[in-house]
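Report on one structure; see the data block that follows.
The values are calculated or read from the model by the stated rules, or taken from the named source; none is laboratory data. Note that this is a predicted model, so its numbers are computed, not measured. Quick reminder, even Gly has a Cβ in these numbers, built from the backbone with ideal geometry, and neighbours come from all protein chains shown. Areas reflect the complete protein model, heavy atoms only, side chains present, ligands, DNA and RNA absent. Shrake-Rupley method; radii C 1.70, N 1.55, O 1.52, S 1.80 Å.
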Amino acid sequence: MPPDIGAITEQIGRQYLVMAFLVTLGALQIAVSIPGLRGMMLLPGRMSARVLGVILIIAGVSIFYLMPLWVDGPWAAGSVESDSTTRQWGRAAWSDLGAARNVNDVDGGMSGTDHARWFPIATALAALASLAGGAIMVKLFPPAQAGEDGPRQDGLPGLAGASYLAALSSSLPLLRRSFMDDLRRDLYAHPGSIAGRIAKRGRRK
Amino acid sequence: MNSFDSALVLWLNGLSGNVRVIDDLLRVVASDYLMPLLFSIAMVGLWFAGRNAAERRRFQVATLVGISSIGISNLAVFAINSLWFRPRPFVDLGNDLNLLFYQATDSSFPANPVAIGFAAGAAAWLASRRLGIWLLAGALLYGISRIYAGVFYPTDIAGGAAVGVLVVLGTLRLKDLLEPAVSLFIRVVRGLSLA
């Protein structure tokens, strides 16, 4: 028996979350391997992190698009037509896979708003997983040298040779110390901006 | 223009139904999930991929411009749809088309998914020509797959692309006006060791 449309959207949303999590984690692994941010890499080597990233992306996409084979949904074998209003509830056949996920949002598919809700959650979870895994990797395989920007950097470069918490402990004090000076400098460095124009006018008076 | 549009949709859609694997692959490409997710993860990856301070700053500004542009493109498409409703090709052409996708009920022009793809691609282009080209090519493929599936006209795709690129140019100007808020945001996130 098919659930109501809201329940279908929720189910597809959760399945999308799994794909988005795996795919974002994969993209993060590829991205952080470029500057060599060991504090976010799930494997100690740059190349191995990149390979893992590609595997995660392919796995995430494959699981999502193959899932109708073993999970009930609005894609029962034989009922998967282009028009998603005629779908039956059940498991898809191999021949239905290409179209199984094409469900209109008014029939239970995901709308743009649903994407905007689930993707940030997936990104946050992937970043957390990357930071936690990176911390374990830094502990297990301490980096031989700090990153290209040198040791004890603030911001992302701090993750080149340290776990997130260690990098944070050097980043936060730097932010606190320099925040007001940086803000003042930025204000006058952008004379074309709204705030810059206001600051310039205030200085003239 | 409409007859040119219709002729092109009929030609491209007429290629469907011959090779099952190609139809299924383009159905997956045309779906609401794959390409938008790839555009989004490209933005996430760009944030972290800078190799030095200058590149990191350029990539992160492009990420912020890209994410904002994706949101603003949605609003721009919504505004245009409110002013003008264009029926989908499968409504105009009926049984002449082999519809491979669900019957979308919103306006055909401009193509919202393509606007998003071009917004992401144009923003990425600002930081990395190579990534920009890949994303723009992806957005174009996304558009072609939707024409092939019978749910968009070619001018919808061109309109979507124009909306995406124009929104990025507008967002760049907006970013300049909003400084130092953008620099301040990046600085605070850097303090949290994430920028």
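Return the distance in nm (one decimal) between the two label points of a simple spin-label model at A:TRP70 and A:ARG14, each offset 7 Å from Cα along Cα→Cβ.
1.6
A:VAL54 to A:ARG185: FRET efficiency via 1/(1 + (r/R0)^6), r the Cβ-Cβ distance, R0 41 Å, to the nearest 0.05?
Efficiency, rounded to the nearest 0.05: 0.50.
Can you give the calculated 222 nm mean residue ellipticity of chain B, where each DSSP H run of n ≥ 4 adds -39,500 (n - 2.57) and the sum is split over every residue, rounded to the nearest 500 deg cm²/dmol?
It lands at -25500 deg cm²/dmol.
Run through every distinct alpha carbon pair of chain A and return the Kirkwood hydrodynamic radius in angstroms, one decimal place. The partial results should precede the final answer.
On the way: mean 1/r = 0.0491 Å⁻¹.
The Cα-based Kirkwood calculation yields 20.4 Å.
In deg cm²/dmol and to the nearest 500, what is the mean residue ellipticity at 222 nm of chain A if only DSSP H runs of at least 4 residues count, each as -39500 (n - 2.57), divided by the residue total? Could you put the intermediate results ahead of the total?
Numbers: 6 runs with 120 residues, N = 205.
That comes out to -20000 deg cm²/dmol.
Between helix A:194-204 and chain A, what is the angle of the helix's C-alpha long axis to the longest principal axis, kept within 0 to 90° and rounded to the nearest 10?
That helix lies at roughly 20 degrees to the long axis.
Taking Cα atoms, how many degrees apart are the long axis of helix A:112-140 and the longest axis of chain A, rounded to 10 and kept between 0 and 90?
60
Not counting ligands, DNA or RNA, and with a 1.4 Å probe, what is B:PHE4's accessible surface area in Å² rounded to the nearest 10?
Rounded to the nearest 10, the figure is 110 Å².
Determine by what factor the alpha-carbon radius of gyration of the stretch B:34-93 differs from 2.2 N^0.38 Å, reporting the quotient. Write down the numbers at each step before the final one.
Details: Rg = 16.8 Å, N = 60, 2.2 N^0.38 = 10.4 Å.
It is 1.61.
Sketch the reach of a paramagnetic label on B:LEU169 as a point 7 Å from Cα along Cα-to-Cβ, and name the residues of the stretch B:63-77 whose backbone nitrogen lies under 18 Å away.
B:65-66, B:69-70, B:72-74, B:76-77
How large is Rg over Rh for the stretch B:57-122, taking Rg from the Cα atoms and Rh as the Kirkwood inverse mean of 1/r across Cα pairs?
Rounded to two decimals, Rg over Rh is 1.13.
Percentage of Cα-Cα pair distances in the stretch B:3-191 greater than 19 Å, rounded to whole percent?
Everything past 19 Å amounts to 59 percent.
Just to be sure I understand: if you take the accessible area of chain A alone plus chain B alone and subtract the pair, with a 1.4 Å probe, what total do you get in Å², rounded to 100? Kindly include the intermediate steps, with their values, before the conclusion.
Working: alone 12140 and 10350 Å², together 18300 Å².
It comes to approximately 4200 Å² buried between A and B.
Of A:GLY192, A:GLY133, A:GLY36, which is the most mobile in a GNM of chain A whose springs link Cα atoms less than 10 angstrom apart?
A:GLY192
State, as an integer percentage, the relative contact order of chain B based on alpha-carbon contacts under 8 Å between residues 6 or more apart.
Taking the mean separation of contacting Cα pairs over the length of chain B, I get 29 percent.
Which of A:ILE194, A:ILE58, A:ILE136 ends up with the largest GNM mean-square fluctuation for chain A, with Cα atoms connected below 10 Å?
Comparing A:ILE194, A:ILE58, A:ILE136 in a Gaussian network model of chain A, the most mobile one is A:ILE194.
If one computes P(r) from the Cα atoms of the protein assembly as shown, what percent of pairs lie at distances over 33 Å?
39
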